[in-house]
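Colleague: My questions all concern the structure below.
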Amino acid sequence: MMVVSVIVGLASGLIAIVLKTLVHYVQNWIESIPVSRFSYLLFPSLGLLITVLVVRFFFKGTLERGIAMVLKAIARKSSFIPLRHTYAHIATSSFTVGLGGSVGLEAPIVATGSAVGSNIARIHDLNYRERTLLIACGASAGIAAVFNAPIAGVIFAIEVLLTETVVVSYFIPLMTASVTGVLCSRIILNDSILFNFSLKQSFNYHNTPFYILLGVLCGFVSLYYARIYKRTEHAIHHRRMSFYMKPLYAGILLLGLYFLFPPLFGEGYESVKQIANDNFHEVSDNTTILSYLSAEWSMIIFTGLIVLLKPVAAGITIGGGGNGGNFAPSLFAGSYLGFFFSKLCNASGLLKLPEGNFALVGMAGVLSGVMYCPLTGIFLIAEITNGYELFIPLMIVSSIAYFIVKQYEPFSMETKQLAKEGQIFTHQKEKNILTSMSLQQMLQDSYDTISMDKTMTELVELIKRSEKNIFAVTGPHQKFAGIVELNDIKQKLFKPEIFASTSVKSIMKKPPDVVYKDENMLSVMEKFDISQSWYLPVLDNDKKFLGFISKSKMFNKYREILSGQGDLYE
């Protein structure tokens with residue numbers, strides 16, 4: 001496992017570096033085009049169109065995206081991720097983000113690294129638990145390489161992907177993969193590509209009340225981000241247009257946003273660096289409307305509008321067919337929010353809050369609220385600032401933001417629907433175990449049936465041939481009508497004189513409940529709990545009998561899964 005985790009870390013780290021470097025040079029090329037200073041506004045449409053064409057002609061028109069795809073593979077596909085995911089996200093996200101889509105590369109990198117881990121595990125014929133761990137190793141190495149943050153990579157994998165109980169032995173392969181990814185990054189990447197900062201001011205405990213207020217603001221902005229993003233993405237995605245017109249339509253909308261607010265173009269990390277390093281001194285306002293205000297207020301209004309419009313730009317990009325994630329956009333929105341808040345407080349003339357520090361802490365706050373990963377937010381900002389000077393305000397803001405969003409939404413925007421459908425694991429262990437079980441596995445179909453029109457004579461003959469003590473009764477058109485339990489008719493079995501005159505219909509009964517073939521195991525377990533029965537009949541959509549499901553078999557499978565979640569090396 002140690003050797004394989006190094007291989008996964010190396011492969012994922014190199015892939016992350018290739019993707020990050022490719023996008024960096026594409027954006028530098030766009031900036032160097034001398035035709036017009038507004039010519040870059042045309043590239044997002046081109047990027048979305050190329051992405052849609054690549055997906056349509058090379059990936060059969062469908063490509064599951066982001067972290068949700070990985071979580072679904074872990075819960076529903078035994079941690080097997082198709083081989084095409086090792087290159088599909090590189091081919092699509094490089095066009096989307098490189099040509100100006102307002103999303104990030106982190107989700108494609110996580111998806112690619114996870115696919116690398118899954119397929120390397122398949123080559124080595126590893127079991128489900130080890131495959132899942134290598135998926136997390138791939139994601140950890142990718143995040144670590146992009147941000148030069150090994151601890152954040154490990155924490156992200158544990159906090160977001162390994163929602164099941166994590167034992168200490170899991171940390172060793174995760175750390176090995178993460179460190180391998182970071183070493184690739186440090187050896188190969190230039191400092192200009194890496195995302196790092198230098199603190200201008202140390203933490204002042206007198207500013208603690210303002211960090212608390214920022215945490216509250218980050219929480220509600222995170223909720224705003226999630227809801228506006230989903231509404232925008234849904235509106236664009238479900239708009240009735242041809243496959244090639246939709247990316248062009250989304251590109252035109254992005255063109256308008258980028259003209260009014262140039263920092264929304266692409267990932268936006270360069271403008272984030274300016275804000276966090278206290279180098280943001282002027283507004284890039286193409287309309288010159290804000291020039292009628294003072295420099296200070298024009299900057300406050302401009303940055304506030306940027307925060308509100310970033311989820312719109314990200315939603316348009318993904319809804320238009322692009323491939324990317326919300327990791328970078330949430331960091332972007334958080335940095336502008338922290339700057340906006342501190343700048344607004346300083347406008348009174350009574351305060352002098354460190355705007356760069358508040359921008360950095362705001363990044364952690366909105367990341368925690370949007371992605372539901374407060375520990376990742378804390379350690380990521382601590383590592384990219386090369387120290388733990390801001391650790392206290394990072395903990396304050398991230399925890400408050402996360403607490404607020406959890407009061408309103410139990411799941412993140414990317415996993416909400418899948419979690420409700422039981423398609424992914426959550427932090428509820430019992431539900432996770434039931435999610436990993438399927439009704440088809442539990443179905444016992446070797447039960448005999450008897451028609452309700454038959455007499456007890458035929459039923460007794462059936463009982464003689466069978467080892468079961470429960471029988472399904474069918475009615476017209478072979479539809480399920482009820483059940484007969486041996487215990488219920490025990491007295492009648494000793495009265496052969498009534499066999500011919502007693503119909504099955506007269507001795508059958510309705511089951512306490514029935515299960516349909518498409519139900520999930522959580523619903524099945526709830527029916528067992530309510531009915532207090534040990535057997536329930538399973539029917540198809542036409543109400544025809546398929547078999548019985550046994551509570552004892554479910555418990556045995558549950559115990560088997562639970563006992564397998566121990567130490568990796570035992």
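The values are calculated or read from the model by the stated rules, or taken from the named source; none is laboratory data. Just so we're clear, the structure is a prediction, and the values are computed from it rather than from any experiment. Every residue, glycine as well, gets a Cβ built from its backbone with ideal geometry; the counts of neighbours run over all protein chains shown.
Colleague: Determine if segment 489-511 includes at least one residue that is assigned by TED's automatic domain parsing to the domain that holds Ser552, among the acidic types (Asp, Glu) and either touching a strand residue (DSSP E or B) at 6+ places or on another chain (Cβ under 7 Å) or not in a helix (DSSP H, G or I) (or both).
Modeller: Among the residues of segment 489-511, not one is assigned by TED's automatic domain parsing to the domain that holds Ser552, among the acidic types (Asp, Glu) and either touching a strand residue (DSSP E or B) at 6+ places or on another chain (Cβ under 7 Å) or not in a helix (DSSP H, G or I) (or both), which makes the answer no.
Colleague: So, Leu199, is that one more than 18 Å from Ile7 (Cα to Cα), assigned to a helix (DSSP H, G or I) and not assigned by TED's automatic domain parsing to the domain that holds Ala73 or not?
Modeller: no
Colleague: For segment 507-542, give me each residue that is touching a helix residue (DSSP H, G or I) at 6+ places or on another chain (Cβ under 8 Å) and polar (S, T, N, Q).
Modeller: Asn520, Ser533
Colleague: Show the residue pairs that are 6+ apart or on different chains and have beta-carbon atoms under 6 Å apart, the first residue being within segment 122-138 and at negative phi, the second being hydroxyl-bearing (Ser, Thr, Tyr) and not in a helix (DSSP H, G or I).
Modeller: Pairs that qualify, where the first residue is at negative phi and the partner is hydroxyl-bearing (Ser, Thr, Tyr) and not in a helix (DSSP H, G or I), are Tyr128/Ser78; Tyr128/Ser79; Arg131/Ser79; Thr132/Ser79; Ile135/Ser79.
Colleague: While we're looking at this one, here's another question. Test Tyr249 against the stated conditions and say whether it is within 27 Å of Phe95 (Cβ to Cβ), out of contact with any Phe, Trp or Tyr (no Cβ under 9 Å at 6 or more places or on another chain) and surrounded by 15 or more Cβ atoms within 10 Å (Cβ to Cβ). Walk me through it before giving the result.
Modeller: Numbers: within 27 Å of Phe95 (Cβ to Cβ): yes; out of contact with any Phe, Trp or Tyr (no Cβ under 9 Å at 6 or more places or on another chain): yes; surrounded by 15 or more Cβ atoms within 10 Å (Cβ to Cβ): yes.
For Tyr249, the condition - within 27 Å of Phe95 (Cβ to Cβ), out of contact with any Phe, Trp or Tyr (no Cβ under 9 Å at 6 or more places or on another chain) and surrounded by 15 or more Cβ atoms within 10 Å (Cβ to Cβ) - is met.
Colleague: Right, here's the next one. For segment 56-77, what are the residues that are in a helix (DSSP H, G or I) and either free of Cβ contacts under 8 Å to residues at least 24 places away in the same chain or not assigned by TED's automatic domain parsing to the domain that holds Val103 (or both)?
Modeller: Of all residues in segment 56-77, those in a helix (DSSP H, G or I) come to 56-58, 66-76.
Within segment 56-77, just Phe57 meets the criteria.
Colleague: Which condition number does Lys495 fail, the rest of (1) over 35 Å from the mean Cα position of the chain (by Cα); (2) under 30 Å from Phe171 (Cβ atoms); (3) among the charged types (D, E, K, R) being met?
Modeller: Among (1) over 35 Å from the mean Cα position of the chain (by Cα); (2) under 30 Å from Phe171 (Cβ atoms); (3) among the charged types (D, E, K, R), the lone unmet condition for Lys495 is (2).
Colleague: While we're on this one: Just the residues that are surrounded by fewer than 24 Cβ atoms within 10 Å (Cβ to Cβ) and of a type in the set (Ser, Thr, Tyr), please, taken from segment 1-27.
Modeller: Residues satisfying the conditions are Thr21, Tyr25.
Colleague: Which number in (1) in contact (Cβ under 8 Å) with a residue 40 or more places away in the chain; (2) within 15 Å of Ala111 (Cα to Cα) marks the one condition that Gly47 misses?
Modeller: (2)
Colleague: Could you list, in sequence order, the residues of segment 391-412 that are modelled with pLDDT under 90 and not hydroxyl-bearing (Ser, Thr, Tyr)?
Modeller: Pro410, Phe411, listed by residue number.
Colleague: Does segment 250-307 hold any residues that are of a type in the set (Gly, Ala, Ser), closer than 19 Å to Phe340 by Cα and outside any helix (DSSP H, G or I), and which are they?
Modeller: Result: Gly268, Ser284, Ser294.
Colleague: Only one of Lys454, Lys505, Lys479 is of a type outside the set (Val, Ile, Thr) and surrounded by fewer than 15 Cβ atoms within 10 Å (Cβ to Cβ); which?
Modeller: Result of the check over Lys454, Lys505, Lys479: Lys479.
Colleague: Can Phe243 be described as at pLDDT below 85 and in the same structural domain as Val312 (by TED's automatic domain parsing)?
Modeller: Spelling it out, Phe243 is indeed at pLDDT below 85 and in the same structural domain as Val312 (by TED's automatic domain parsing).
Colleague: Looking at segment 135-147, is at least one residue surrounded by fewer than 24 Cβ atoms within 10 Å (Cβ to Cβ) and not polar (S, T, N, Q)?
Modeller: no
Colleague: Now, a different point. Within segment 326-339, is even one residue outside the structural domain of Ser93 (by TED's automatic domain parsing), surrounded by 24 or more Cβ atoms within 10 Å (Cβ to Cβ) and not in a helix (DSSP H, G or I)? Let's see the steps before the verdict.
Modeller: Here is the first cut: in segment 326-339, the ones outside the structural domain of Ser93 (by TED's automatic domain parsing) are 326-339.
Then drop every residue that is not surrounded by 24 or more Cβ atoms within 10 Å (Cβ to Cβ), which leaves 326-339.
Narrowing the set further to residues that are not in a helix (DSSP H, G or I) leaves 326.
Yes, the conditions are met somewhere in segment 326-339.
Colleague: Of all residues in segment 526-548, count the ones that are assigned to a loop (DSSP other than H, G, I, E, B) and either in contact (Cβ under 8 Å) with a residue 24 or more places away in the chain or small (Gly, Ala, Ser) (or both). Break it down stepwise before answering.
Modeller: Here is the first cut: in segment 526-548, the residues assigned to a loop (DSSP other than H, G, I, E, B) are 532-534, 540-543.
Okay, now just the ones that are also either in contact (Cβ under 8 Å) with a residue 24 or more places away in the chain or small (Gly, Ala, Ser) (or both), so 533, 540-543.
The number of residues fulfilling the criteria is 5.
Colleague: Now a separate question. Taking the residues in segment 508-533 that are hydrophobic (A, V, I, L, M, F, W, C) and more than 18 Å from Leu462 (Cβ to Cβ) as candidates, determine which candidate is surrounded by the fewest Cβ atoms within 10 Å (Cβ to Cβ).
Modeller: Ile530
Colleague: If I ask for residues that are more than 27 Å from the chain's Cα centre (by Cα) and of a type in the set (Val, Ile, Thr), which ones from segment 226-265 would you list?
Modeller: Ile252
Colleague: How about segment 72-92: which of its residues are modelled with pLDDT of 90 or more and within 17 Å of the chain's Cα centre (by Cα)?
Modeller: Phe80, Ile81, His85, His89
Colleague: Which residue out of Leu99, Leu83 is in contact (Cβ under 8 Å) with a residue 60 or more places away in the chain and either in contact with a strand residue (DSSP E or B) (Cβ under 7 Å, 6 or more places away or on another chain) or in the same structural domain as Val26 (by TED's automatic domain parsing) (or both)?
Modeller: Details: Leu83 fails: in contact (Cβ under 8 Å) with a residue 60 or more places away in the chain.
Within the list Leu99, Leu83, the selection yields Leu99.
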